[in-house]
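Undergrad: The structure is given below, and queries will be raised subsequently.
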Amino acid sequence: MSLLKRASFLLWELLQELSDESAYRRHLAYHGRRHSPEEWRRFSDQRLQAKYVRPKCC
Amino acid sequence: MRRLIGHLFWAAVSVGAAFFLAGIALERGEPVNSMWLVLAATCTYLVGYRFYAKFIAAKVMVLNNDRATPAERLRNGHDYEPTNKWILFGHHFAAIAGPGPLVGPTLAAQFGYLPGTLWLIIGAVLGGAVQDFVILFCSMRRDGKTLGQMAREEIGKTGGIAALLTVLFIMIILLAVVALVVVNALKGSPWGTFTIAATMPIAIFMGLYLRYWRPGKVLEVSLIGFALVVLSIFGGQRVAESPALAPWFTLGGMSLAVAVIIYGFFASALPVWLLLAPRDYLSTFVKLGVVLMLGVGILFVRPELQLPAFTRFTDGTGPIFAGKIFPFCFITIACGAISGFHSLISSGTTPKMIAKEWHAWPVGYGSMLLESFVGIMAMIAACVLQPGVYFAVNSPAGIVGTTPEAATATITSWGFPVTVGEMEQLARDVGEHTLFYRTGGAPSLALGMAHIFATGAGGRAIVGFWYHFAIMFEALFILTIIDAGTRVGRFMLQDLLGHLHKSLGRTSWMPGVIGASAVVVLAWGYFLIQGVRDPLGGINSLWPLFGIANQLLAAIALCVATTILIKMHRARYMWITCLPLAWLVVVTFTAGWQKIFSPEPRVGFLAQADHLESALRSGQIAAAKVAESQALIFNARLDAAVCGIFLFLVALILADSIRVWAGILRGTREAKVTEAPFVPSRLRPEEI
């Protein structure tokens, strides 16, 4: 049961990481800011700018 | 006692690997169940992971958990962040898994299931996973430097520039070939075209939702997006059945190619949050979900393989692509066995997220094994089709004949019986007008996947839904690659043009953005249109070119890795990277040479051009086809030139690397290691 719980937790964390939601939480914590639409847009612009200068794998 | 059980377990796995590999290699005359492939691959991966990869980690790279990784030392809450190894494993796998391991094995199945399967398993364990692992390690020890930066620093300026140019050229060919796969999958298919067209407004809706309505709710909007995409599959069925709407979405190859080119241009020039990013989020989740579904489906259904271990086409006369099993099987399957593109990912985001050095073992080596397993699943999906159906779907009209009757007669004469009636019934089942001449691998893969999914759930009644679900899944992330690839190509070009004129290099200067986007789109668009016009289906010339390019990039990565190992005073272990490097050099240079100089027109580009030219001179070509033939002649020579440039660039890097290795080994050159200095790790287990 605990293995299943751990696997579900990891899957959830993976989804959060892939969706950049974890990165956004870290961003808020690191800069000591609170969530707001403007903050998300600032974070998202920086994140996506860095992400899409690299080729995607074939 | 625990130790003894461990020894017994690994002995059983090793014996199992040998037994199942021997089983698939020696079994003849009766159908082989797909579970043999699954078990052969799984046992071999486990042995490779536990023994070979651990040996590399412990003895060659000497991974050290007491050494702080860049994620810990340079932690910034953005890209440098210590991450749980299993989360990073999934993240890295999602980044390396693209259409390559799905399409390559599907095409290579023309040789039978055995050659491709063995290459996927052995190539990944001894080559692809080693490349990914070692490059990840090298980048991690250098604060996450890219392959280009490492090539410049470790080998020299020439190596660095050659690596950059190779990446740019490969991107152009990659984008053209994946776009061709989509075009061939959607050709004459209103259902598929509607579904894929619908993903664009869906992605824009997701972008707006995320930007303005519910900022930050990526998972939520991805779920909504997925529901809308599934609805669009049902909508596609209605469109295909509607006499009024179906003609709007029934497009030929050229119209679809032009549409994809226009799409690529706008997608690369539009703000990234509007179309590219939401589609990327969605395609990543769909990709992981479908891979999982396919794995479960194969385990649940355990289908029998219909294609034989070897077909008659090992002699090089295959209808899907020409060329003998050596070297073309190893070129056709690049991703899934060894892919140079992975070295760009292993030296990208991942090294900046590794919490402990030993995590590179599952992340670098392990995730490549999983990608190889995706290739095995694609091979199974292709081989569960009746061989006659497989060849009827994948063979171009230029080879099998321009009418269904001629095509089925040709394919049946090869010993793979198929009838027009069977093909028509199959097309009706999946809601298509026809399944003949659907080259590119995507439709046959979708048929195989639909067969597995429908056997597992829903039966024949919903095989059409599963077929179009599989097409949507393939097209969705191929279009994401086109968006992102065009954008990256634009950045690379602007970077180069910036040396000529400053404003051309500014990514915020609109004329520069539009101009560079147009150049990149026209470059891959040219090859795409060439593929659409090609009477042999385009895949015959473009896919090998892409395979050669991708594996030459792997050769560059292995040159860099070998140089670093020698500089680390690990020359006695350089065989670890030199073994796959030597194989790749032999395979790619043989394939490259044959693609340029083979006297067989279906194989050699120059022979193809000469053949067409002599036909033109002797008046064998109708007046209406003269301009088209002249274009084909030019394209064949262009392909030969592109192939020659690839080989030249890699020969240059190889020669430069050997010069550096010889200098260090002879003691005439300093073995200066450029890795970041040792800093003790203070990362607590609860932080990861």
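Undergrad: With respect to B:GLU304, is the statement that it is within 23 Å of B:LEU445 (Cβ to Cβ), surrounded by fewer than 24 Cβ atoms within 10 Å (Cβ to Cβ) and touching a Pro at 6+ places or on another chain (Cβ under 6 Å) true?
TA: Answer is yes for this residue.
Undergrad: Would you mind stating whether B:MET206 is over 22 Å from B:GLY538 (Cα atoms), modelled with pLDDT of 95 or more and in contact with a Lys or Arg (Cβ under 9 Å, 6 or more places away or on another chain)?
TA: When the stated conditions are applied, B:MET206 passes them.
Undergrad: Can you report the number of residues in the range B:161-190 which are of a type outside the set (D, E, K, R), over 16 Å from the mean Cα position of the chain (by Cα) and surrounded by 21 or more Cβ atoms within 10 Å (Cβ to Cβ)?
TA: Residues in the range B:161-190 being of a type outside the set (D, E, K, R), over 16 Å from the mean Cα position of the chain (by Cα) and surrounded by 21 or more Cβ atoms within 10 Å (Cβ to Cβ): 9 in total.
Undergrad: Which of the residues that make up the range B:651-688 are of a type in the set (Ser, Thr, Tyr) and surrounded by 12 or more Cβ atoms within 10 Å (Cβ to Cβ)?
TA: Within the range B:651-688, B:SER657, B:THR674, B:SER681 meet the criteria.
Undergrad: Scan the range B:499-511 and give yes if some residue there is farther than 24 Å from B:PHE226 by Cα, crowded, with 22+ Cβ neighbours inside 10 Å and not basic (Lys, Arg), otherwise no.
TA: No, the range B:499-511 contains no residue that is farther than 24 Å from B:PHE226 by Cα, crowded, with 22+ Cβ neighbours inside 10 Å and not basic (Lys, Arg).
Undergrad: What are the pairs with Cβ atoms under 6 angstrom where one residue, in the range B:145-161, is on the phi > 0 side of the Ramachandran plot and the other, located anywhere, is part of a helix (DSSP H, G or I) and modelled with pLDDT under 90? Sequence gap at least six, or different chains.
TA: Final answer for the pair search is none.
Undergrad: Next question, about the same structure. Could you pull out the residue among B:ALA671, B:ALA624, B:ALA631, B:ALA636 that is hydrophobic (A, V, I, L, M, F, W, C) and free of Cβ contacts under 8 Å to residues at least 60 places away in the same chain? I'd like the intermediate steps shown before the answer.
TA: Numbers: B:ALA671 fails: free of Cβ contacts under 8 Å to residues at least 60 places away in the same chain; B:ALA631 fails: free of Cβ contacts under 8 Å to residues at least 60 places away in the same chain; B:ALA636 fails: free of Cβ contacts under 8 Å to residues at least 60 places away in the same chain.
Exactly one residue qualifies, and that residue is B:ALA624.
Undergrad: In addition: Could you check how many residues of the range B:454-507 are basic (Lys, Arg) and either in contact with a Ser or Thr (Cβ under 7 Å, 6 or more places away or on another chain) or touching a residue at least 60 places away in the same chain (Cβ under 8 Å) (or both)?
TA: Of the residues in the range B:454-507, 2 are basic (Lys, Arg) and either in contact with a Ser or Thr (Cβ under 7 Å, 6 or more places away or on another chain) or touching a residue at least 60 places away in the same chain (Cβ under 8 Å) (or both).
Undergrad: Let me ask something else. Can you name every residue in the range B:595-650 that is farther than 18 Å from B:GLN551 by Cβ and in a loop (DSSP other than H, G, I, E, B)?
TA: B:SER598, B:PRO599, B:GLU600, B:PRO601, B:ARG602, B:GLY604, B:SER618, B:GLY619, B:GLN620, B:ILE621, B:ALA622, listed by residue number.
Undergrad: Which numbered condition trips up B:TRP248, out of (1) at pLDDT below 95; (2) closer than 21 Å to B:PHE465 by Cα; (3) not β-branched (Val, Ile, Thr)?
TA: (1)
Undergrad: Are any residues in the range B:355-404 of a type in the set (Gly, Ala, Ser) and without any contact (Cβ under 8 Å) to a residue 24 or more places away in the chain, and if so, which ones?
TA: B:GLY401
Undergrad: Which residues, taken from the range B:454-476, are aromatic (Phe, Trp, Tyr) and buried (at least 24 other Cβ atoms within 10 Å of the Cβ)?
TA: B:TRP466, B:TYR467, B:PHE473
Undergrad: Could you tell me which residue of the range B:256-279 is farthest from A:LEU48 (Cα to Cα), considering only residues that are surrounded by fewer than 24 Cβ atoms within 10 Å (Cβ to Cβ) and not hydrophobic (A, V, I, L, M, F, W, C)?
TA: B:TYR263
Undergrad: Oh, and also: Which of the residues belonging to the range B:447-493 are of a type in the set (Lys, Arg) and more than 14 Å from chain A (Cβ to nearest Cβ)?
TA: Correct list: B:ARG460 only.
Undergrad: Hey, another quick one. Could you identify the single residue in B:LYS157, B:LYS145 that is among the basic types (Lys, Arg) and within 14 Å of another protein chain (Cβ to nearest Cβ)?
TA: Testing whether each residue is among the basic types (Lys, Arg) and within 14 Å of another protein chain (Cβ to nearest Cβ) leaves just B:LYS145.
Undergrad: The conditions are (1) at pLDDT 95 or above; (2) within 14 Å of chain A (Cβ to nearest Cβ), and B:THR193 fails exactly one of them. Which is it?
TA: (2)
Undergrad: Only one of these conditions is not met by B:GLY538: (1) more than 23 Å from B:SER343 (Cα to Cα); (2) surrounded by fewer than 24 Cβ atoms within 10 Å (Cβ to Cβ). Which number is it?
TA: Unmet for B:GLY538, out of (1) more than 23 Å from B:SER343 (Cα to Cα); (2) surrounded by fewer than 24 Cβ atoms within 10 Å (Cβ to Cβ): (2).
Undergrad: Which of the residues spanning the range B:60-111 are hydrophobic (A, V, I, L, M, F, W, C) and more than 11 Å from chain A (Cβ to nearest Cβ)?
TA: B:VAL60, B:MET61, B:VAL62, B:LEU63, B:ALA68, B:ALA71, B:LEU74, B:LEU107, B:ALA108, B:ALA109, B:PHE111
Undergrad: Taking the range B:212-231 as the search range and keeping residues that are within 12 Å of chain A (Cβ to nearest Cβ) and crowded, with 22+ Cβ neighbours inside 10 Å, which one is farthest from A:SER36 (Cα to Cα)?
TA: Among those residues, the one meeting the criterion is B:GLY225.
The values are calculated or read from the model by the stated rules, or taken from the named source; none is laboratory data. Quick caveat, the model's predicted, so the values are computed rather than measured. Cβ: placed from backbone, ideal geometry, glycine included. Neighbour counts: every protein chain shown.
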